[in-house]
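Encoded as structure tokens, the structure appears first; notes follow it.
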Amino acid sequence: MFRVISESLGRVFRGVSYSQYPSSLQLPRRRFLVQGYLNRMEKMTTDNVGDVTRVLFCGFHFPASGKFTREYLESYPFIQVDEVHLDDVPNVIGNYHICVVKNRHIDSKIIARAKEMKLIMQYGVGLEGVDVDAATQHGIKVARIPGRMTGNSTSCAEMAIYLMLGLLRKQKELEISIKEKRLGEPCGETLLGKTVFIMGFGAIGTDVAKRLKPFGVKIIATKRKWGSQLNDSIKSLSTVESDEIDSLVDVKGGHEKIYDFAREADIVAVCLLMNSETSGTVDHKFLSSMKKGSLLVNVSRGGILDYKSILRHLETGHLGGLGIDVAWTEPFDPNDPVLQFKNVLITPHVAGVTEFSYRTMAKVVGDCALQIHDGVPLTGVEVVNE
């Protein structure tokens, strides 16, 4: 075990990357951290394993997730929280009881190594990278943190509107005007009077609509099943469907209406969950259905947009602007052709990354660790394979 650890974690320990230090400091830093990790692993093998519940955060992106979780659990020495390089996850996952996947794909081969695993969860909502069937076969629960209860959906909704406003007011051109000392240009547009199509009216979509309404827009939205289509047992559990939603949406439709709504909208906001059914939804057919010059905003997952179709419609000018917080590959190549257009804005997957939402989700992860340690039922999460 120590040979694997020394090879795999010689680069990192508890979320510290050697590359962030000057080369003259990397070697002594590396020796210190590797020895620290080996000491921890040796202690884990000599102590009673049941005395420590171990939480694995996959990778070093979204660093506040691990940081805030450790801060929440600092008074509980029997909970261990580690961050490990994405490439090293398969080598160490067998030592952990909880895995927070972030942007790591957890397939059946990795799950087969997770001998101690009790829970695989996302620091948020998206579980498209987890093989849920394989986890179920190994008796491992898979869970997401509902966005509405943590402020995550609110944060994402605010980012969607931020991107809309940035495109309407031509943010990249504004920056050029500042550099060239030009006043009163470019001439932008307002949200007032626009028709906004919200594709996917779950927690994020609902919060987008709530915040857009005061701007004086017309809101049209699609959802696979609205309240009137749900059976009574599901209705009673739903916190999304309410009389308030009816007043938010001017026109409602099912997923089959996306092309009709695309023809009507000035702005399309993609708020769908990513799965096998929604992957590639925004393709050539959909983009061609949109009005010439209309805007597209995505705060969901990059894979819902077809890359080649997006690039083609930017090149022809049919797509009037693109605002994305998520990309097809992440981190996204800053030199990618898509980003060379003046009417494209990108943010680095930070829609849900706010102090409020991340500390709230850290509490949920921490509470799950404490509940697993105590052998009591999980709260604050949605288990998808029970």
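Couple of notes before you dig in:
- In the set S155, S108, only one residue is in contact (Cβ under 8 Å) with a residue 12 or more places away in the chain and buried (at least 22 other Cβ atoms within 10 Å of the Cβ); that residue is S155.
- Meets criteria (out of contact with any Asp or Glu (no Cβ under 8 Å at 6 or more places or on another chain) and in contact (Cβ under 8 Å) with a residue 40 or more places away in the chain) for D336: no
- Tally, over the stretch 349-386, of residues that are out of contact with any Pro (no Cβ under 7 Å at 6 or more places or on another chain) and either of a type in the set (G, A, S) or outside any helix (DSSP H, G or I) (or both): 21
- Filtered residues of the stretch 214-249 (kept if surrounded by 15 or more Cβ atoms within 10 Å (Cβ to Cβ) and modelled with pLDDT of 80 or more): F215, V217, K218, I219, I220, A221, T222, K223, W226, L248, V249
- Reported count of residues in the stretch 201-212, each being in contact with a strand residue (DSSP E or B) (Cβ under 7 Å, 6 or more places away or on another chain) and not aliphatic (A, V, I, L, M), is 2.
- Count of the stretch 260-278 residues which are more than 22 Å from A209 (Cα to Cα) and either of a type in the set (V, I, T) or touching a residue at least 40 places away in the same chain (Cβ under 8 Å) (or both): 1
- If you check R224, R148 for being basic (K, R) and in contact (Cβ under 8 Å) with a residue 60 or more places away in the chain, only one passes: R148.
- Residues that are closer than 18 Å to E116 by Cβ and surrounded by fewer than 20 Cβ atoms within 10 Å (Cβ to Cβ) within the stretch 65-87 comprise just one, F78.
- Leading residue by the ranking (farthest from F78 (Cα to Cα)) among those in the stretch 329-346 that are at pLDDT 95 or above and surrounded by 17 or more Cβ atoms within 10 Å (Cβ to Cβ): N343
- The residues in the stretch 346-386 that are polar (S, T, N, Q) and free of Cβ contacts under 8 Å to residues at least 40 places away in the same chain can be counted, and the count is 2.
- Residues that are more than 18 Å from the chain's Cα centre (by Cα), of a type outside the set (D, E, K, R) and surrounded by fewer than 19 Cβ atoms within 10 Å (Cβ to Cβ), drawn from the stretch 250-285: V251, G253, G254, H255, Y259, H284
- Scoring G129 on the criteria (1) surrounded by 18 or more Cβ atoms within 10 Å (Cβ to Cβ); (2) touching a residue at least 24 places away in the same chain (Cβ under 8 Å); (3) of a type outside the set (S, T, Y) leaves a single failure, condition (1).
The values are calculated or read from the model by the stated rules, or taken from the named source; none is laboratory data. Treat the numbers as computed from the prediction; the structure is a model and nothing was measured. A quick note on method: Cβ atoms are made from the backbone with ideal geometry, for glycine too, and the neighbour counts reach across all protein chains shown.
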